[in-house]
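Novice: Quick one: the structure is below, questions incoming.
The values are calculated or read from the model by the stated rules, or taken from the named source; none is laboratory data. What you see is a predicted model, and the numbers here were worked out from it, not measured in a lab. Here the Cβ is made from the backbone with ideal geometry for all residues, glycine too, and neighbour counts use every protein chain on show.
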Amino acid sequence: MKTAVVTGGASGIGLGIAERLRADGLHVATLDLNPSADDDFAYRADVSDPEQIAAALTDVRAKLGPVTVLVNAAGMEKYRRFQNLSFEEWKQIIDVNLHGVFHMVQAVLPDMMSAEWGRVVNISSSSTHSGQPFMSAYVAAKSGLNGLTKSLALELGPHGITVNAVPPGFIDTPMLRRSEGKGLLGGTVEEHIQRTPVRRVGTPADIAAACSFLISEDAGYITGQILGVNGGRNT
Ligand code: NAP
């Protein structure tokens, strides 16, 4: 039985991915800032802190074995006019959304290298397709994540490890609803649905289905790809 680690697995998309991978028959451990109390393999760890990651992974390996599947879903956004964005805020967003993935991949890579098999899926963002005003740090971090995905795919392919990205668009999660509540979406979710080709909001299960495929044996020839899951909002 394979062991997967899902970051951001206590909420929204990460939670949906963790549930799906468990249903697929994998051991799943989650890392999050506020882990779920109901989950035996939910760890409190900030992905921007390599020491917290290492502590969590030591326990994961002892209980569930080596980690050969990694889904990086932890993320945070920041809406701020660029001229009002402090360098501290910029660094925090890059730290969580991009450096967090650096730390996670480095932490699990020895297990994947030993197994000569691995799957990494990075949850980026549909905002990387065309940019997004007032989200420069977030879009820069997520665009960096797409680039990291492509480079790692080339570097790790010879070791049996695939690396892909899923940029979600408009998925009904606490993050999306927080943005709606603050009036930051440029309309309500309902109004956006009318502008979405498939005429609905996405769900964590939509992203989880893509991840489930990308980590499967069937997807072994797919690497370095950016698979948009956005209801046709970005093509
Ligand atoms: P969410 O419901 O807010 O879930 C994100 C999770 O990540 C939360 O549990 C959050 O913890 C956790 N997290 C934040 N910073 C962390 C850190 N430093 N270390 C560990 N965990 C951390 O948001 P979501 O919508 O599911 O987003 C999941 C991913 O999809 C994110 O990477 C996001 O950027 C991306 N995404 C989402 C959408 C969308 O439409 N929803 C669109 C594009 C991209 P706390 O809640 O405790 O802070």
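Novice: Among all residue pairs at least 6 apart or on different chains, which show Cβ distances below 7 Å where the first residue, located in the stretch 181-193, is within 20 Å of Arg81 (Cβ to Cβ) and the second is outside any loop (DSSP other than H, G, I, E, B) and not acidic (Asp, Glu)?
Specialist: Leu185/Ser179; Leu185/His192
Novice: If you don't mind, there's one more thing I want to ask. Report the residue count in the stretch 160-175 for those that are of a type outside the set (Ser, Thr, Tyr) and away from the ligand (no atom under 11 Å from the Cβ).
Specialist: Within the stretch 160-175, residues that are of a type outside the set (Ser, Thr, Tyr) and away from the ligand (no atom under 11 Å from the Cβ) number 4.
Novice: Could you list, in sequence order, all residues of the stretch 134-171 that are among the hydroxyl-bearing types (Ser, Thr, Tyr) and touching a residue at least 24 places away in the same chain (Cβ under 8 Å)?
Specialist: Of everything in the stretch 134-171, those that are among the hydroxyl-bearing types (Ser, Thr, Tyr) and touching a residue at least 24 places away in the same chain (Cβ under 8 Å) turn out to be Ser136, Tyr138, Thr149, Thr162.
Novice: Cβ-Cβ below 9 Å, separation at least six or inter-chain, first residue in the stretch 111-132 and over 20 Å from Glu155 (Cα atoms) and touching a residue at least 40 places away in the same chain (Cβ under 8 Å), second aromatic (Phe, Trp, Tyr) and part of a loop (DSSP other than H, G, I, E, B): which pairs?
Specialist: The qualifying pairs are Ser126/Phe170.
Novice: Would you mind telling me which numbered condition in (1) surrounded by fewer than 16 Cβ atoms within 10 Å (Cβ to Cβ); (2) under 30 Å from Thr58 (Cα atoms) Ile123 fails?
Specialist: All conditions are met except number (1).
Novice: State all residues of the stretch 210-235 that are polar (S, T, N, Q) and part of a loop (DSSP other than H, G, I, E, B); if no residue qualifies, say none.
Specialist: Hits for the stretch 210-235 are Ser216, Thr223, Gln225, Asn230, Asn234, Thr235.
Novice: Another question, if that's okay. Read through the list (1) under 22 Å from Gln106 (Cα atoms); (2) of a type outside the set (Lys, Arg); (3) surrounded by 16 or more Cβ atoms within 10 Å (Cβ to Cβ); (4) touching a helix residue (DSSP H, G or I) at 6+ places or on another chain (Cβ under 8 Å), then give the number of the only condition that Thr149 fails.
Specialist: Result: Thr149 passes all but (4).
Novice: If you check every pair at least six apart or on different chains, which have Cβ atoms under 6 Å apart with a residue in the stretch 31-47 that is modelled with pLDDT under 95 first and a residue that is surrounded by 13 or more Cβ atoms within 10 Å (Cβ to Cβ) second?
Specialist: Listed by first residue and then by second, the contacts come to Ser36/Ala10; Ser36/Ala42.
Novice: Out of the residues in the stretch 18-41 that are touching a Ser or Thr at 6+ places or on another chain (Cβ under 8 Å) and assigned to a helix (DSSP H, G or I), state the one that is surrounded by the fewest Cβ atoms within 10 Å (Cβ to Cβ).
Specialist: Among residues in the stretch 18-41 that are touching a Ser or Thr at 6+ places or on another chain (Cβ under 8 Å) and assigned to a helix (DSSP H, G or I), the one surrounded by the fewest Cβ atoms within 10 Å (Cβ to Cβ) is Arg20.
Novice: Scan the stretch 166-174 and give yes if some residue there is more than 16 Å from Glu77 (Cα to Cα) and either of a type in the set (Lys, Arg) or at pLDDT below 95 (or both), otherwise no.
Specialist: no
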